[in-house]
Structure formats: C-alpha cells, structure tokens
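The values are calculated or read from the model by the stated rules, or taken from the named source; none is laboratory data. None of the values given here were measured: they were computed from a predicted structure. Here the Cβ is made from the backbone with ideal geometry for all residues, glycine too, and neighbour counts use every protein chain on show. To get the accessible areas, we keep the full protein, side chains included, count just its heavy atoms, and leave off ligands, DNA and RNA. Shrake-Rupley method; radii C 1.70, N 1.55, O 1.52, S 1.80 Å.
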Amino acid sequence: MSPGYCAFYEECGRNPLIEGSLIPPIVPCLNYSRARQLTGQHYRKLKQVCPILDHGENNTRACCSLKQLSSLEMSLTLSKAVLIRCPTCAENFAHLHCINTCSPNQSQTVKITKVMNITQLGETKEVVVGYQAFLSTTFADGAFQSCQNVRIPATGGLAIATMCGRYGAKLCNPQRWYDFQGDSSNGLAPLDIDFRLVKEGDTEGLPKGVIPYNGRALMCNETTPSGGQVCSCQDCQESCPSVSHPPPPPGPFRLLGTDGFLVISLILLCLLLFRLIDPSEVTCAERNSMAAQAFLSLEFRNWGTFMATYPLTVLLLSAAVVAVFAAGLKSIELITDPVELWSAPDSRARQEKDFHDTHFDPFFRTNQLILTAPDRKGHIYDSLLFGLQNFSGIVSKDLIIELLELQKRIQFWSDDLNRTASLKDVCFAPLSPNNVSLTDCAVNSLPQYFQNSIDNINAKVNMTELGVTKEVDWRDHLIYCLNSPLSFKDITDLGLSCMADYGAPVFSFLAVGGYENDDFTNAEALIMTFSLNNYARNNPKFKVAMQWEKEFLKIVQDYQKSPANNFTFAYMAERSLEDEINRTTAEDIPIFMISYAVIFVYIAVALGEYSSWKRILVDSKFLVGLGGILVVGCSVLASMGFYSWIGIPSSLVVLQVVPFLVLAVGADNIFIFVLEFQRDVRRPGEKREEQIGRVLGNVAPSMLLCSLSESVCFFLGALSTMPAVKTFALYAALAVLMDFILQMTAFVALLSLDARRQDNNRCELLCCVTVSAQHPKKPNEGFLLPLMRKYYAPVLLHRYTRILVMFVFIFMLCGSVFLMFNVTVGLDQELAMPQGSYMLDYFKYLYKYFEVGVPVYFVTKRGFNFTTVEGMNAVCSSVGCDQFSLTQKIQYATNYPDQSYIAIPANSWVDDFIDWLNPGSKCCRLYNANINNGTFCPASELAQRCRRKCMVAPPDGVLRPNVTQFDRYLPDFLGNRPDLQCPKGGLGAYDKAVVKDASGEIIASRFMAYHTPLTNSQEFTAALLKSRELAHNITMGMRQIPGTSPDFEVFPYTLTNVFYEQYLTVVPEGLFNISLCLLPTFVVCCLLLGLDLRSGLLNLITIIMIVVDTVGVMTLWDIDYNAVALINLVTAVGISVEFVSHMTRSFALSTKPSHVERAMEATANMGSAVFAGVAMTNLPGILVLAFAKAQLIQIFFFRLNLVITLLGLAHGLIFLPVLLSYFGTSTFFFHAFLGEPMTLKIQLCSISEQCKSGLL
C-alpha cells in the first residue's frame, strides 16, 4: 500500500448486518484512491473534529468526506460525554478514530476484510463492513493508560467500565478496550473493526504494505496541543500530589513492654496490700452530729406514732394523692422511635439529620430480600463470547423468573387511598417523580438487567463470532451486564439493554452478593431491594407505605413457608426493627409479671413470724407484703402520671427498669422496718402506735439516708444528654422519693392495722376468725438473725478471715480496673432483636453477602459560593480543579479504606454539571432563535432544531460557567433525564442534591460516597469518627476560598449516625453520670450521720468498688458497655446504696466497745435484713428474666442485674463489715438518742464536753 491513499471514502448507507443499533450504522464506500486535499468548510470541519490531522488549509489531505466527519463528530460526542473531564484521554480517543477514518495514509494502517453490495436509490455500491486496524503497542498502551482512571462522578465508578464490555474496569486492558470499540454489536460501532496491536519492530504476520500506526499518545498529566490542561488527580494518578499515608491508629497503651493497664493494676494492688499490713484502730474524732441524729429520730418517732394512730385516714389520703398523680397516665406518651430514644435533640448527629431531612428528602425506606440456594448445584456455561463461565446454583433461569414473579405480587386495598394500592403508590421513582407508573419504581434486582421482562429472560438467538455459530441467551446478556451495568445495549445479537426498567443502572453489588474477584455469575446470593419514599408520619401516604411493608412481610413470610419455594433467604422491611422490638416487648410482659409475682410471694412469706402452726394465719404478713408491693406500684404510677401531666414522655426502658429498682429499694426498707418491729418488745405502758413510732424512729433515718441518696443521685443523672438515660433518671428519682413518702405514710398505717389484727389474734384474709393461741412475749428474731449472729459474723470477722477478705476484694478491684479498660463499647443491632427473629437471619446474610456498606453523604451548608470559578474548583475533581478539593479529598480517603472506612468516591454534581455544559458533548444546547426563544434543548431533539451550544469551548479546555450561566443552566441540568445521547443529565442523580433559597443562593448540597461494609457497632462508630475528621478537613480547606462564610460547614450524614454517635461520648458521659450519682451518696451519708466524713468515705469506696467490679465482670461475660448498660450502672449505684448505707449507719451507731464487735453487731442485725430485703427480693425476680425472649433483657437485665446484685451482696455483707472493722468510726453511743428529750440533751452535752476534752 502506498502512502497518501485511502482504503474507503464517503458514506454509502446503512450496514445491512446491524439491527437495533443505538445510532445509525452508516458505513463507507470501498474506494482505493488518493487522499483528498481539503479546503473551505471541509477543512474547517476536519480542524474542528480531528485537529491532529491539520497541516494548514492548503496542505491538508484526508480520507474522509464532510459527511463522514459529521458522523465521526456525532460518535465522538457520545464518548466525550464521559471522557471530556480528562482532555488528554478525550484527545487520544479522538486521535485513534481520526486516524482510522480520515488519515491520508489510511491504506497503510487499515486492511479491508469484509465488503458487501448494497442498493440505494437504485444504485448498487460496494461498502466496507469490516476491516483490520493496525496500531503500535506504544500508542495503544499510552492511549489506554490516559483513560483507564477517568471517573464517572454520578456513580463513583470508572468510565472504562462502560467501554470494555464484559471485562469491566478491573479486567480491562488495551486489547480488550479496542476490541469493544470495534465490536458492531455494542450498539455504537457502525461496522466491525479488528484492532491489531503490534510491538514496535515486529513485522511478523503483517500484511504486505501495512505499517502500524505509531503516533504519540499523550500522557494524562500532559497538556494537549490544543491547549487543554492536564487531567485531574482523580482521573490521572500521575497528576496526583504526594499525599502522605495517614498515621496508623494508636496502638494499645503499654508500660514496661506490656499492657499498661495491667501494670497500673498491679501497682495499685501492691499499694493497697502494703496499706493493709498494719491496720490500726482509729481514735475518736470530735463529734457534733448527735443533735442531728436525735432530731431525726425524734421527728420520725412522732411522725410514726401519728400515722399509726389514724391509719384509715392516712391510707385514704395517700390513695387520693396517688390517684391525682396517676390520673396523668391518661395522656402518657411512650417513645418507641429509636432516634428519639437514644439521640438527644440537640446532639450533633440529630441536628445533622434534621438539617439533611429538612433540605433534602429523608433517606428512602429500604425493604430487602437476600436469597440463596445452597442445595442447588451450579454449572459451567461455554459462552460464545465469554468462554467458560461458572454459574452458581442461585444464578439460574428458573430462580430468576421465580424472583421476578415474587417481585410483582404485592398489592392491597388501601383505605387511605380508597382503592387498591401497589408499589407505584409509595415507591421511590428518581427519574419520574410525578405520575409514577410501576416501571418507574426503583427496584434493584437481577431481573432488572432484563427490564423485568420474562420475554427478555427467555430470549435466545444464534450468533456467529469468528466463524463459530452458537446460541446466545440470558446468560450471555447477564455476564455482560454484571460487568458493564451502564450499557444501553449488550454486545450479543440479543441487543438488550442493561439498564433497569426505571432508567437507571443496577450496579452489580446491588444485584448479587457473596462473590470473589468480581466473579459475579458465581455469586452465592441474589439481592432484591425495594426503595420507598420516606413520607412524614402525618402524611396519609406514610400509612400506605407502612401497609405496603406489612403486606410485603406477609407475602414474603408466606412464600418462605411454601413448599414450592426454592430459596433460602432473609428479609427485612423498614418497619421491621420497630415491629420486632414492640413484638418482643409484648411477648416478654408475662415474664415480667411472673418475676413480680415471684417477688411478691417471697415478700409475703418472708415477712411472716411463724411462731406456731396454730398462729400461722395470724402471724403471716400476706397483706403487709401485698401492701408493700402496692406501695412500690403506686410510687411508680405516681411518678409516671406526674411526668405525663407535665409532658415528659416515657419509654419501654422506664417500664422495665424503674419498677425493679423501686422494688429493690422499697423491699429493703420494708424488711428493715418490719423485721425491726418483729424483733422489738413493746415496753410497759406503751401503746402499739407508740411502739410503731419508736421503731420507725430507729430505722427511718437509715431509710431516709438510702432513699434520699438514690433520689438525688437519679435527679442528677437527669443531666445526661441521652434521652433514654435522662427519662429513666427522672422517672426513677421521683418514684424512689414517692416510695419513701408512701412508706412513711401508707405503709406505716397498713402495719398499724395489721398489728391491731395480730393483737386481736384475727386471721389474715379471714378477719372474723380468731385463734386462741397467744402471741409469744419474747421478740421474734426469725431464722437469719441467729444464724448470722452465731456463725456468719464471727467467722467473717475472724482475724485471719479479715485479712483474706481484704486481699481477695482488693485483688478483685485491681483485676476489674484492668478489665474495665478492655470492655467493649457499643451495641450491635442484632441484640435489639429477640431470639428467633427473622431480623437475626437478615443481619447474618447482610454481613456475609453485601460487598459495600451504607451510603455516606458529605453535606454542605449555607455560606459557600459555588457560582465562582474558585468555588467550583474547590469542589470538583476534573481538569483544572484544585488538587485538594472536596471530592478529591474524599478520593484520597478511598485509597486507604481500612482506615477511612470509605470504599467508593463521592459523586459530584459540580463535575457532571461542568461536563454537561461542555460543547464537546450534545447535552447542553439551545433551540434556534426562532424556536422556543433559545431555551434549553434536550439531547433527544434533532440537531437541526438546536444548533446553538450553551457555551463555547475555552482554549485551555478548562470550562467554567460565569455566574449568569451557572444560575441559568443549573436548573436545566438538574431536570435533564440522562440517556444515551447525554448520560450526564442530572435528573435522578442530582435533582434533590442541590437546594436553593428564594434568592437563588445554594443553601445546601450533598455528595454521596459509600462506606466499606460495616458489621458491628465498633466499625460504625469508627466510620462516623473518620468521616467527621475528613469533613472537618474539607471544611477548613473550603473556608479558605474567598467569599466563604466563616461559619460554613461540611458534615457527613449517614442514616446510622444518630444511633452510633452516642458511643463517641458514652464513656465520658458514663463517668459523668456515675460520678454525679456517687456524689449525693457521699454527701447525704455524711450529713445524715452528722458530718461523719469517714463513714461517708467508706460508704463511697465500697459503692465505687461494686461499680468497678461490675464493669470488670461485664468484660468477662461479653456484656458491652452502652447506654442500656449505663442505665443499669446508674441503677447499680442505687442498689449498692441499699447494700452498703444501712450497714454503714448501723455500724456507726453501734454501742459496742470495739470495731470488730460493732461490725459483728451490724452484720448480724442489719445484714440479715439487707440479705432478706435486697438480695432475696431481687434474685428470684432476676432469675425469671433468664427466660425472656429479648436478648437485650437477657443480657442487660438478667446478666447485668444478676452481677450487680451478687457483687452488691458480696461487698455489703462480706467486704464492708471487714472494712469497717479496720477503718470504721469510733463508738457513737446511739443509745443516748432513745432517751427522753431532756435526758438526751444532758447526755449530748456531756458527750460533747468529753470529746472536746479528749476523754473519748
């Protein structure tokens, strides 16, 4: 072949071998002739389309006609729509096709392989329908490398994925890239081009006279000859600046080469044990507290006598007060929305959610199926086009059709719409938001690759490739679409589109799951997702959406039970979490009722005296026990009613935890009061009412100490920012306070009535029946008191036992300190589900089969000017953009997904808007002046009607609209539906991503990326933290742009942020809340014991040890630390007060001469009451909770409360007596309190003088 000759020239009509092409397949005439010299319009057109061939108007020859240049321009326009963001790539792409079509030496680089005769207008012509194009590998590789990283901002994917056929971006190489371009079955190539890539100097096998084209392909970091700028970093790795690797996450805290917390715990253990070596008795300190103790005892004595004297009146008034409070329950509001429950309205995540949902639509409602077929065998398919391909058992034709039929089932009658409703009434339809039809609904599933058409799935056709004819069917189409989901036409003779019937692509990770290395057809699962609009709860369509989801769940559940079902699958609806939580709460109510019943039976039995069988019905305390339970119930009702009156909503946590807490407090006080009364002997001449008053005077200060400590503790706990913790603390504080008030009134009156009945030897429940046997005169000590006095206390407080106890408990404390720093923070959402819930299967499938995580939006607020060149450059990532722009920084983060938790870069409406405006594509055109007054003309309109471009190409290729152009064309871009002619249209992808105010200022916009798969709360929390760090970095950079408001902000928004934000602060929040709870226990103890700082400190130390040990056991028993655990730890402080404070006060007021004897007395007298009242009240009820279905109840109410009760019991009845025996206060002479006022005053003065003089 000679230089300067053409192989073909001019257009000769349509290719008769191609049907269903996306653009007219016009082919050239076979014409071996000299290249033509170009002049005039012909030359100017060549200079515009193929500047690489321009050598001046009088010195330029080419092998293409004006018509061919116009067709080539139209073809290149389609490609430039996605490649123009990298001018070098677009130039190289045009370079290749200009050489093939127009090169003056065409006959040297092209060899005709197939011609046909066609008849047009009665004239038969010979046309070229296939040829070979010879390229050097140097040019081919260079051109490919300049394009292989160009991105499509709308999807975050690579443009090369749409231009490499079945191979996708990952397996694409130069040969496969060119093969796709030359494949006439792709819907774009008008004829078959067989690209032959030849190494330089390799002439073997070359046809005679052929010289492979060896032009120079530009590198992506070079400027183009026409002045185009270098490609951006996002599209060209060579253009990227040097970005340092992010620092690795901090390692574990270490000291001396080992775990630092372990070292600290060992040092603490040694220090505490060293302090224990020589315990010394503590001398008496100055006391000024006797008057306070005497005052409290006398006041409660008088109060008790008065209450016992008028029991019926007191009970009636108490009932009236409770009724007034409880009446508020008629307007009670229960919080069931997890967002309202766990995220404070003024928290950052909540404010960000409110901002997002206000300016953009709330995140759509997701309803999903993940289907597998583990028992079905796969097969190997020998494809004509793709070779041997593995197909798993789930990827089979019959299952795809079955999935399609399931997809179409859901419809129902809607009372809200007064007609039959279906998916189209509530679905998310991004490309057709108005007048929605069923095919407009965003349903992502594998059948969408066939446009949900059974005919398309069943389609098959014989196809010839390289001389081999075979049948192609659904499998060939599926292979192609899974690797190239953005294609409008596959490369098979089926000619089917890969786009979903609603007009958008279905990405492979949304259709199949459980695959490796992009081997999609060998996937283990099919995924089907229905997206519904997230209407406001007061919108009638919200009820329709909820009803649709209910029908969806019903149909899916019925289908799962059907014997004809061939799938094993998991499923969920948007409403599923709330439904399952509410269901399990209702199912576990009987468990709680049984628990309360067990506690009631225990209290009723344990309070009885049982001196003889004859008096068993007289001495039993069934009604007293019932009264105690009613007092607890009334206090809870009064608390709930009061807060309902003032508009503070309740929650299921309150209903489940507060009664247990108040029961523990109330039962303890009841036992202390009743047992003290039973152990007391009425003095000569003393009335029964006076005895009750005197006994109340003895024990009420202790009851006040505990109740006031707990109530103040919980009121301070209400300072928490977590709504669930705050609500619980408020309800618990008032309930504990009301419980104490009712015990001081109604229960005293009830005990007085019961004492009168018992004095008259009347049977309980059968008050008319009397017995002859008399009540014994000696006090009734019961079973526990003698046992603890005779055996337990002496053994516990033996010299060697005390040392052993101190060692064991100090060791436990130090070990728990170490374990506390290793507790897991978080709450996996599976734990909120009951055992056996279908949601547990869904979470398992989700973590196993999904290949990407949840979307994350980077949202901009008001205060940034997008309309300026500087503003656009600070956001975009195409040519001319800042190297550290918003989208570019997100791109850098995806390079380190293990640390950033971002897998897919953000889409960018700014980038696509700029590309959409580029005159190199046909997206933004204007009607001719005489048609529609020069308004926007969509790409689907004929070129003759829309000859004007919106903008003129700039010399440097960096296109930026001015402010007027930006404001004029942005609405057109956002409303332009994407199609083959203009894939950059913003409708669907961006129409809701940009929000303007009335003045036209952009007040909010968003850029969507994807997280990596997140499988537990620790990963969700880390992803939130990292995305916030990235957003802050972006914010700081964008604030440097001139004109940006100083308070401008970018923040990340993910649907899950409101749930996981609490774990960023739950540790300091917990320390703050627990510290607030510990403070009143110390202060109140000191005050009510008369400024006894030592007793208050010992009390505080023991409670702290209980809390620390509880957290340590949480680590060992796999109980995560979270808001629910925090509520229980706050409760632990309250219950610990019951175990500890009664003992501390009993010791402080003992009259025994030595510390050990006082500890023995306190252990026997008060320890038996605490054991019977707190431990034995809690334990039976807690054990019943082990049978609850809800995992949250099993873990955080059974396990954790069991730990709290056992540790409280151990510290209160084992450790505290020993601690007091070493470090407790000196003798307090409490017996002086019980004298008459005048005697008491003399004794107090005497004691005060002795203390001052140092005699005590």
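Overall form of the range 1-75: oblate. Here a/c, set by the Cα gyration tensor axes a ≥ b ≥ c, is 1.5 or more, and a/b is not larger than b/c.
Could you work out the local net charge near V1113, counting Lys and Arg as +1, Asp and Glu as -1, over the other residues with Cβ closer than 15 Å to its Cβ?
For residues surrounding V1113, the net value is -2.
Extension gain, E204 to S1075, is 305.1 nm, computed as 0.36 nm per intervening residue step minus the present C-alpha separation.
A 30 angstrom limit on the alpha carbon distance is what I want to check against. Which of K80/K489; K949/K996; K408/K861; K848/K996; K861/K949; K330/K621 exceed it?
K408/K861; K848/K996; K861/K949; K330/K621
Taking all protein chains together and rolling a 1.4 Å probe, K992 ends up with roughly 70 Å² accessible.
If you take the square roots of the eigenvalues of the alpha-carbon gyration tensor of the range 964-1021 and sort them as a ≥ b ≥ c, do you get rounded (a/c under 1.5), prolate (a/b over b/c) or oblate?
Since a/c reaches 1.5 but b/c is at least a/b, the shape of the range 964-1021 is classed as oblate.
Using only alpha carbons, the chain has a radius of gyration to Kirkwood radius ratio (Rg to Rh) of 1.13. Mean sequence separation of contacting Cα pairs (under 8 Å, at least six apart), scaled by the length of the range 895-946, corresponds to a relative contact order of 22 percent. Residue by residue, the range 15-22 carries 3J(HN,Hα) couplings of 6, x, 8, 10, 10, x, 6, 6 Hz when phi is fed to the Karplus relation 6.51 cos²θ - 1.76 cosθ + 1.60 (θ = phi - 60°); x denotes Gly or Pro. Couplings 3J(HN,Hα) for the range 959-975, derived from phi with the Karplus relation 6.51 cos²θ - 1.76 cosθ + 1.60 (θ = phi - 60°), are 7, 9, x, 7, 4, 5, 5, 4, 5, 6, 9, 4, x, 5, 5, 5, x Hz, where x marks Gly and Pro.
For the range 129-211, the relative contact order is 37 percent, taking Cα pairs closer than 8 Å that sit 6 or more residues apart in sequence and dividing their mean separation by the residue count. Counting only DSSP H runs of at least 4 residues, each contributing -39500 (n - 2.57), and dividing by the residue count of the chain, the helix-based mean residue ellipticity at 222 nm comes to -15000 deg cm²/dmol.
Name the shape class, rounded, prolate or oblate, that the alpha-carbon gyration tensor gives for the range 440-570, where a ≥ b ≥ c are the square roots of its eigenvalues, rounded holds for a/c under 1.5, and otherwise prolate holds if a/b is larger than b/c and oblate otherwise. Verdict is prolate for the range 440-570.
Peptide packing: for 464-474, 1051-1061, the average count of neighbouring Cβ atoms within 10 Å per residue gives the ranking 1051-1061, 464-474, highest mean first. When the label point is put 7 Å from the Cα of N1033 along its Cα-to-beta-carbon vector, which residues of the range 900-917 have a backbone N closer than 18 Å? Answer for this model: 900-907. Rg/Rh, computed from the Cα trace of the range 309-389 with Rh as the Kirkwood radius, has the value 1.48. Note on I589 and S437: the model spin-label points, each 7 Å out from Cα along the C-beta direction, lie 4.8 nm apart. Within the straight-line cut-off of under 24 Å between alpha carbons, the lysines reachable from K125 are K67, K111, K114, sequence neighbours fewer than 8 places apart in one chain being disregarded.
Distances between placed amide hydrogens fall under 5 Å for S651 paired with I335, all partners being 5 or more residues away or on another chain. The stretch between S244 and K377 holds 43.1 nm of extra length on full extension. This uses 0.36 nm per residue minus the Cα-Cα distance.
Converting phi to 3J(HN,Hα) with the Karplus coefficients 6.51, -1.76 and 1.60 and the offset θ = phi - 60°, the range 176-193 yields 5, 5, 5, 4, 5, 4, x, 8, 5, 7, 7, x, 10, 6, x, 7, 7, 10 Hz in sequence order, with x at every glycine or proline.
Against the chain, whose longest principal axis is taken from its Cα atoms, helix 748-759 shows a tilt of about 50°. Got the relative contact order for the chain handy, in percent, Cα pairs under 8 Å and 6 or more residues apart? After rounding, I find 14 percent. All distinct Cα pairs of the range 939-1081 go into the 1/r average, and the inverse of that average, the Kirkwood radius, is 19.9 Å. In terms of packing, defined here as the mean over residues of other Cβ atoms within 10 angstrom, the peptides 628-640, 50-62 line up highest first as 628-640, 50-62.
Modelled this way, with points 7 Å down the Cα-to-C-beta line, the labels at V852 and K408 are 2.9 nm from one another. Database remark: amide H of V879 closer than 5 angstrom to the amide H of S232 (H placed geometrically; neighbours at sequence offset of 5 or more, or on other chains; Pro and chain starts carry no H). Axis of helix 1200-1210 versus longest Cα principal axis of the chain: the two differ by about 30°, to the nearest ten degrees.
In a reduced charge model with +1 at each Lys and Arg Cβ and -1 at each Asp and Glu Cβ, the chain shows a dipole moment near 1360 debye about its Cα centre.
Translational diffusion coefficient, Stokes-Einstein: compute it for the range 603-691 using the Kirkwood radius over C-alpha pairs as Rh, at 25 °C and 0.890 mPa s, and state it as an integer in µm² s⁻¹. In µm²/s, the coefficient rounds to 160.
In the range 1011-1139, the portion of solvent-accessible area held by carbon and sulfur atoms comes to 69 percent [1.4 Å probe, whole percent, DNA, RNA and ligands not counted]. Using a probe of 1.4 angstrom and keeping all protein chains present, the accessible surface of the range 873-1014 works out to 37 square angstrom per residue.
Label sites at N538 and L655, each approximated as a point 7 angstrom past Cα along Cα to Cβ, lie 2.6 nm apart. For the chain, find the longest principal axis of its Cα atoms and tell me its angle to the long axis of helix 1017-1038, 0 to 90°, nearest 10. Taking the Cα atoms of the chain, the angle to 1017-1038 is about 60 degrees.
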